[in-house]
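Engineer: Below you will find the structure I want to go over with you.
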Ligand SMILES: Nc1ncnc2c1ncn2[C@@H]1O[C@H](COP(=O)(O)OP(=O)(O)OP(=O)(O)O)[C@@H](O)[C@H]1O
């Protein structure tokens, strides 16, 4: 075996061990540089530097009030709906700084969907909930809308449960079903990124499991950023984990490493339940 062959074999072996194909060349979907955010005088995000890789699940963990929701709401600029918010630094989405005033928030929100803590379907039929986004984007053709609705509901693993009741009000669904419907609503606009802010905290364990399995499926096509208070959930479903504390990122690593071998004592204390 030549020297090159033996190096190649070693890389192959290592990458197998790490369960990552050699040819994997994933890009950063977001790059956050020196991001600071203030609510009035409250400095809520402090010098955040965080790159988010496409087709991965990135978990944001940390105690209450550490800035998790604030951070993901900057990623689709929902944060600017709060009066008195100021930011500095950059968040590049696919290479362009979304904090630049010339970047239209509407353009961003067609690429970045969001799922909230409490399922929030519209008081409309199941069909209309999913068709809403595509309709707003000008799709009127009934056959095409039918296709989008079916594909999105299948993508959110809820089609079989609702296919015979598409015209019934979404409020008649269980909480877990409503959350998967909200995920379907998100998929219908064919996003690039899905932001999830504690998407299972209002759900029972079985619905939680379904959403977690769904997240694993969805990352094949989308990049997912999930805020969670549930440490086991972060460990189960994410590829990378960022630990926030008092507005700062304390540690950001592969999930396996952060949970098995955290570098910072504060991370260790948090994940072992010593505070928070
Ligand atoms: N709309 C707002 N106006 C003023 N301050 C806010 C607002 N939203 C959040 N904050 C403050 O910003 C800080 C970060 O809050 P944020 O909601 O991002 O934390 P979090 O980590 O998501 O908390 P939790 O886990 O409790 O949801 C806190 O000090 C909070 O009080």
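The values are calculated or read from the model by the stated rules, or taken from the named source; none is laboratory data. Fair warning: this is a prediction, and the values are worked out from it, not measured in the lab. Every residue, glycine among them, receives a Cβ derived from its backbone with ideal geometry; neighbour counts consider all protein chains shown.
Engineer: Suppose we keep only residues that are within 27 Å of residue 216 (Cα to Cα) and surrounded by fewer than 14 Cβ atoms within 10 Å (Cβ to Cβ) within the stretch 70-111. Which one would you say is nearest to the ligand (Cβ to nearest atom)?
Structural biologist: 107
Engineer: Of all the residues that make up the stretch 225-276, how many are within 16 Å of the ligand (Cβ to nearest atom) and outside any strand (DSSP E or B)?
Structural biologist: 15
Engineer: Can you find a residue that is more than 16 Å from the ligand (Cβ to nearest atom), modelled with pLDDT of 95 or more and over 23 Å from residue 177 (Cβ atoms) anywhere in the stretch 130-141?
Structural biologist: Taking every residue of the stretch 130-141 in turn, at least one turns out to be more than 16 Å from the ligand (Cβ to nearest atom), modelled with pLDDT of 95 or more and over 23 Å from residue 177 (Cβ atoms).
Engineer: Then there's this: With the requirement that a residue be within 19 Å of residue 114 (Cα to Cα), buried (at least 21 other Cβ atoms within 10 Å of the Cβ) and near the ligand (Cβ under 10 Å from one of its atoms), what does the stretch 42-69 give you?
Structural biologist: 60, 61, 67, 68
Engineer: Oh, and also: Among the listed residues 228, 208, 257, 200, identify the single one that is within 18 Å of residue 52 (Cα to Cα) and free of Cβ contacts under 8 Å to residues at least 60 places away in the same chain.
Structural biologist: Result: 257 is the single residue among 228, 208, 257, 200 that is within 18 Å of residue 52 (Cα to Cα) and free of Cβ contacts under 8 Å to residues at least 60 places away in the same chain.
Engineer: Additional query: When only residues in the stretch 152-175 that are touching a residue at least 12 places away in the same chain (Cβ under 8 Å) and part of a helix (DSSP H, G or I) count, which is surrounded by the most Cβ atoms within 10 Å (Cβ to Cβ)?
Structural biologist: Here the residue is 153.
Engineer: Out of 244, 275, which single residue is touching a helix residue (DSSP H, G or I) at 6+ places or on another chain (Cβ under 7 Å), closer than 26 Å to residue 45 by Cβ and surrounded by fewer than 17 Cβ atoms within 10 Å (Cβ to Cβ)?
Structural biologist: 275
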